[in-house]
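What follows draws every value from the coordinates through simple rules; no lab data is involved. Quantities reported herein were computed from a predicted structural model and do not represent experimental measurements. Note: ideal-geometry Cβ built from the backbone for every residue, glycine included; neighbour counts use all protein chains shown.
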């Protein structure tokens, strides 16, 4: 009889537990509070993928810095900068990796790249701003790339405890991504931006 009661209790627990499966978002599976997720993105399938799943487990101010670092990576990929050695090095340092040599001048190198118009490495002859500049009414591609470099420098400065002037990182990244072009990175950035705003408000 005791065994029967245990089976009944186990069945009741299974029935009460929220279902979890590969087709569900963390919100649906009960792994994140629905109230914390902006309504505009609560049905996004990307919520079930990393790093969004991890962000949702602790959606608060503690997640903001990592969100901004991921936003810088998305912006770099969106603008074809991710394979630039300077960008790769900066992202590695923000991850706590990368060799110690060269770090002392990294912020100066990033500032110089931003001041120089954010030039990207040439690939197959490269492209000019008119060919990749997005839709009319947006900033030039060079200005958007410069915003990516500037954000990387600001994130490094903040990590080192140095003062940072100018707009906050997510503002700069939003500017960099506002070119009207659709890409996997732009889709992810829209979700990230919504979660970042929710985390900052928490």
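Here are some notes:
- Label sites at residue 201 and residue 95, each approximated as a point 7 angstrom past Cα along Cα to Cβ, lie 3.2 nm apart.
- Per-residue Cβ neighbour rank within 10 angstrom, fewest leading, 164, 148: 164, 148
- Sites residue 83 and residue 53, calculated FRET efficiency, Cβ-Cβ separation with R0 25 Å, nearest 0.05: 0.40
- Exposure proxy order (Cβ contacts within 10 Å, fewest to most) of 52, 171: 171, 52
- Using the average count of surrounding beta-carbon atoms within 10 Å as a protection proxy, the listed peptides 40-50, 185-195, 91-101 rank, highest first, as 185-195, 40-50, 91-101.
- The order of the peptides 151-162, 103-114 by mean Cβ neighbours within 10 Å, most packed first, is 151-162, 103-114.
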